[in-house]
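K.L.:
Got a structure for you, questions after.
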Amino acid sequence: QSATGGAVVVGLVRQVAPIASALIIAGAGGSAMTSDMGARNIRDELSAMEVMAVNPVHRLVTPRMWAASMISCMLASLVILSGAVGGFVFNVLLQGVTPGAYFDGALGLLRVSDLFVTLGKAWLFGLIAALVACYMGMNCERSPAGVGRAVNRATVVAFMLVFVFNYVITTVYFV
């Protein structure tokens, strides 16, 4: 029972937090970005911006990439904090483990590099979700049904890319 704290916090920091934040960004934020870009595509706003010599990528995509990346890092931190508190409540209050044993197990297995890798993964996953969402929205079929299909496609592609990149980064980090 005293090892539960270490397992919970290490699992949260290394894997759960960046994946959960990426899924939230890709699912909620990415679908909004895709539908917004798709609607702009249907109404020819993207073409109008190009005619006015305004680059839609610089004006619309870049801010969304930065915002998604930063929010993903913040969400990862929030997931770590709430998961650690939840694990503490379960382990200490319900199972009767001492608070010192909970935190000793958690801090004994973690390194500072784990936190940096987690925040880097969260940042990259937010960037990937925003890029996929904006690309799918800007290149969707020019109909409301096409926007809906683009939202679905963007969410699935972002999820798959996040899982692939997570596997690669985790493998490289532990090798």
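The values are calculated or read from the model by the stated rules, or taken from the named source; none is laboratory data. All of these numbers come straight from a predicted model, not from anything done at the bench. Every residue, glycine among them, receives a Cβ derived from its backbone with ideal geometry; neighbour counts consider all protein chains shown.
K.L.:
When you go through Gly126, Gly148 one by one, which is the residue that is more than 30 Å from Gly6 (Cα to Cα) and surrounded by 13 or more Cβ atoms within 10 Å (Cβ to Cβ)? Outline the logic, then answer.
P.N.:
On the way: Gly126 fails: more than 30 Å from Gly6 (Cα to Cα).
That would be Gly148, the only listed residue that is more than 30 Å from Gly6 (Cα to Cα) and surrounded by 13 or more Cβ atoms within 10 Å (Cβ to Cβ).
K.L.:
Follow-up question, since we're still on this one. Being over 14 Å from Gly11 (Cα atoms) and not charged (D, E, K, R) is the filter here; which residues of the range 104-118 pass it? Walk me through how you get there before you give the answer.
P.N.:
At the first step, the residues of the range 104-118 found to be over 14 Å from Gly11 (Cα atoms) are 104, 112-113, 116.
Residues satisfying the conditions are Val112, Ser113, Phe116.
K.L.:
Of everything in the range 15-35, what is under 14 Å from Val151 (Cα atoms), touching a Cys at 6+ places or on another chain (Cβ under 8 Å) and of a type outside the set (Val, Ile, Thr)? Give them in sequence order.
P.N.:
Across the range 15-35, the qualifying residue is only Met33.
K.L.:
Determine whether Val168 is out of contact with any Leu (no Cβ under 6 Å at 6 or more places or on another chain), surrounded by fewer than 22 Cβ atoms within 10 Å (Cβ to Cβ), part of a helix (DSSP H, G or I) and modelled with pLDDT of 95 or more.
P.N.:
yes
K.L.:
Follow-up. Restricting to the range 65-108, count the residues that are out of contact with any Ser or Thr (no Cβ under 9 Å at 6 or more places or on another chain), surrounded by fewer than 18 Cβ atoms within 10 Å (Cβ to Cβ) and either of a type in the set (Asp, Glu) or closer than 23 Å to Met33 by Cα (or both).
P.N.:
3
K.L.:
Same structure again: So which residues in the range 109-123 are among the polar types (S, T, N, Q) and buried (at least 16 other Cβ atoms within 10 Å of the Cβ)? Write out each step before concluding.
P.N.:
Initial filter on the range 109-123 (among the polar types (S, T, N, Q)): 113, 118.
Within the range 109-123, just Thr118 meets the criteria.
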